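Right, one structure below, let's go through it.
The values are calculated or read from the model by the stated rules, or taken from the named source; none is laboratory data. Predicted, not measured: the structure shown is a model, and the values here were computed from it. When we count neighbours, we look across all protein chains shown, and the Cβ atoms used for this are built from the backbone with ideal geometry, even at glycine.
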Amino acid sequence: MVTIHKTNIEKAYDSAKMKAKQIDRPVLLSIVEEVDAVDPLSFYYGGSSFIGERFLWKDRDHTITLVGLGAAHIVSTDEMEDRFFTVENEWKRLIQESVVVTEDKWPGTGPLLFGGFSFDPVNTRGEEWNHFSSGSFQLPMFMLTKPGKTNYLTINVVCHPDEEESLIHERIRIKETLLANARMAIIPEKAHWLWNHDVKPEEWKDSVQSVVNRLQQGEMDKVVLARKCEISFEKHVSSDFVLDNLWKQQPDSFVFSFEREESCFIGATPERLVKKTGEEILSTCLAGSIGRGDTLESDEKLGEELLNDEKNRYEHQLVVDSIRNALKLYCDELSIPTSPQLMKLKDIQHLYTPVIGQASENTSILNLVEKLHPTPALGGVPREKAMHVIRQEEQMDRGLYAGPVGWMDAYGNGEYAVALRSGLLQRDKAYLYAGCGIVADSKPESEFKETQMKFRPMLRALGGTVHD
């Protein structure tokens, strides 16, 4: 990667084209500049000419927001065994040969891949997930990065040896149009429901009981089972409307939207899988849940009940042990509290344990993602046995649901969340997904009600009526 400071854009473009001629393959040119304040949602809405190639990411801690428009390059794989390695290798090749024009290497600017991995590449792909691969990533043509109050705009151009210089001027013209569009007030069109229904609810409860029976025989410690809810709309449902609601309704969650052709994977998840800033590593143990109370007193009582509940504490400890064992292979230092605390969200509260570490030399964020996914909070314990049972009992493809979704830049920084509280928008349909951890004393009806509670954020964001 060649970094050019404060240089003429035309010279940088010529430099990238010359490099492309020398190595006889396309070279990425990435231009970063600071811009006046831009509203992320307005930038996303204003990029309507790029529908099917847009993404948005807002982290849970309000430290960074990313909006990407257009696809300068797609990294995609359907490999089962080596998908993390394949994506990483393609990304390294692309950035090693790139030319970057920037004043400094700000995290989340310049060359950046956004996307996700499916939960289980071995499972037969569901028809609704045809627009996504087992690893689907996008390098945007235009990207807004907001770390706090600063605003950066990145233009990415893949330069071919014999390309006309007019291409870079056209990209700059489009950039100005997008910034102008972002200053206009746009109100997303509301989606109108026709109907919604749970997919095979009784069969799912039977599967829970079947898994409980196997757990009681000592085959495994825990299995996570998920189910699906389908919603039909009067016409095509826009990610703009759903994203607008998630942004307002779930301020303390990771909010994401990832469009591919006629599909959009979208959600607001509370769970970080892993974050890497320089050598610092952050992860989250999130397992064990209960509802919110109507009053402060009842809410605190429910929280205390969760903190002292043997089933939920056991389920949570399985996740803590698993994440510790995964990260200690890649971290020189690791700090994990001995007891969980509560994470309170709009509809639900969880047992939560933060994890902080210092990465060993040459550890990439995808090394960590591969080792952590799926955590016991999404798969089960032991992992391979639980995954086998999920394939037998769920009878559906989770797609990107419960998989790692997030970003990584050219400087080694990045963040991935576990894609919970999410759904797939596809033309006039939406498919929502929710799951829960099954242990030996689980009750099917109780687990079913827990998934209903977990559907609430997305049902509300889609404009549905949710009874609290």
The range 223-258, subset under 24 Å from the mean Cα position of the chain (by Cα) and basic (Lys, Arg), residue surrounded by the most Cβ atoms within 10 Å (Cβ to Cβ): 227
Lone unmet requirement of (1) at pLDDT 95 or above; (2) over 22 Å from residue 288 (Cβ atoms); (3) touching a Lys or Arg at 6+ places or on another chain (Cβ under 9 Å) for residue 395: (1)
In the set 188, 140, which member is under 24 Å from the mean Cα position of the chain (by Cα) and not assigned by TED's automatic domain parsing to the domain that holds residue 42? 188
Checking the condition of a type in the set (Gly, Ala, Ser) and under 15 Å from residue 159 (Cβ atoms), which residue from 71, 37, 20 passes? 20
Mind checking which residues of the range 163-179 are more than 19 Å from residue 100 (Cα to Cα) and in contact (Cβ under 8 Å) with a residue 24 or more places away in the chain? 174, 178, 179
Single unsatisfied condition, residue 440 versus (1) part of a helix (DSSP H, G or I); (2) touching a helix residue (DSSP H, G or I) at 6+ places or on another chain (Cβ under 8 Å): (1)
Run down 110, 68, 115, 148 and say which single residue is surrounded by 24 or more Cβ atoms within 10 Å (Cβ to Cβ), of a type in the set (Gly, Ala, Ser) and assigned to a loop (DSSP other than H, G, I, E, B). 110
Taking only the range 443-468 into account, find how many residues are part of a helix (DSSP H, G or I), of a type in the set (D, E, K, R) and more than 18 Å from residue 249 (Cα to Cα). 4
In the range 360-382, what residues are touching a Lys or Arg at 6+ places or on another chain (Cβ under 8 Å) and more than 22 Å from residue 82 (Cα to Cα)? 381
Note on the range 399-430: residues among the basic types (Lys, Arg) and buried (at least 24 other Cβ atoms within 10 Å of the Cβ) are 421
Taking the range 71-100 as the region of interest, how many residues are outside any helix (DSSP H, G or I) and touching a residue at least 12 places away in the same chain (Cβ under 8 Å)? 14
Out of the range 198-238, which residues are outside any loop (DSSP other than H, G, I, E, B) and either β-branched (Val, Ile, Thr) or free of Cβ contacts under 8 Å to residues at least 60 places away in the same chain (or both)? 198, 202, 208, 211, 212, 213, 223, 224, 231
Only one of (1) farther than 19 Å from residue 144 by Cβ; (2) crowded, with 21+ Cβ neighbours inside 10 Å; (3) at pLDDT below 95 fails for residue 100. Which number is that? (1)
What are the residues in the range 349-371 that are surrounded by 19 or more Cβ atoms within 10 Å (Cβ to Cβ), touching a Ser or Thr at 6+ places or on another chain (Cβ under 9 Å) and not hydroxyl-bearing (Ser, Thr, Tyr), if any? 349, 350, 351, 355, 357, 368
Candidate set: the range 5-49, residues that are over 30 Å from residue 245 (Cα atoms) and part of a loop (DSSP other than H, G, I, E, B); chosen: the one nearest to the chain's Cα centre (by Cα): 26
Looking at (1) in a strand (DSSP E or B); (2) at pLDDT below 95, which is the one condition that is false for residue 155? (2)
Among (1) within 21 Å of residue 248 (Cα to Cα); (2) without any contact (Cβ under 8 Å) to a residue 40 or more places away in the chain, the one test that residue 191 misses: (2)
Taking strands (runs of 3 or more DSSP E) that do not extend beyond the range 315-405, which have at least 2 residues that are touching a residue at least 60 places away in the same chain (Cβ under 8 Å) and either in the same structural domain as residue 454 (by TED's automatic domain parsing) or hydrophobic (A, V, I, L, M, F, W, C) (or both)? 348-359
Against the definition (modelled with pLDDT under 90 and either more than 26 Å from the chain's Cα centre (by Cα) or farther than 30 Å from residue 21 by Cβ (or both)), how does residue 197 come out, yes or no? no
